[in-house]
1. Anything in the range 1-22 that is surrounded by 14 or more Cβ atoms within 10 Å (Cβ to Cβ) and modelled with pLDDT under 95? List them, or say none.
2. When residue 103 is evaluated against the numbered criteria (1) in a loop (DSSP other than H, G, I, E, B); (2) touching a helix residue (DSSP H, G or I) at 6+ places or on another chain (Cβ under 9 Å); (3) surrounded by fewer than 16 Cβ atoms within 10 Å (Cβ to Cβ), which criterion, by number, is the only one it fails?
3. Taking into account only those residues within the range 50-76 that are in contact with a helix residue (DSSP H, G or I) (Cβ under 7 Å, 6 or more places away or on another chain) and not in a strand (DSSP E or B), which is nearest to residue 110 (Cα to Cα)?
4. Can you pull out every residue in the range 106-130 that is assigned to a strand (DSSP E or B) and under 17 Å from residue 167 (Cα atoms)?
5. Just to be sure before I move on: is residue 80 at positive phi and either touching a helix residue (DSSP H, G or I) at 6+ places or on another chain (Cβ under 6 Å) or in a loop (DSSP other than H, G, I, E, B) (or both) in the structure I sent?
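The values are calculated or read from the model by the stated rules, or taken from the named source; none is laboratory data. All of these numbers come straight from a predicted model, not from anything done at the bench. Glycine gets a Cβ as well: all are built from the backbone with ideal geometry, and neighbour counts include every protein chain shown.
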């Protein structure tokens, strides 16, 4: 820092999260739609990453999930826009939960890939953004989903496709 620059005041943020154990214990025991509904109702806590990044779950339907984020400077990269990893996390969450919503009890998933296209910069002046994930196809071993990140006017900011590997789980972990 040069002598002519003054140090900006530090910013701080405090947040809390709930024990993720009860939610993890329900994976495999409940269907994906039941698990997501239990998180939406508050019966089960959301994953801690939601609070860490300030992501809000808005909609869980069979084959569809919608999340929201109010971008702020805590999400910024050095260029002064929301870090691509934050956007990828939103898109991955929307696509993954859309897939999870169509799975029966005893079937889990993990992302195999996430192909993300960033179309416009996102900053705090963009306002609230919405990530909507939908299932495109589901087979016995994989599922394909897409997610779209839009501003509140519907302008497309980023897009992703995700392949998810489906596998049996017993819920005992």
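1. none
2. It is condition (3) that residue 103 fails.
3. Only one residue tops the list, namely 63.
4. Scanning the range 106-130 gives 107, 108, 109, 110, 111, 112, 113.
5. yes
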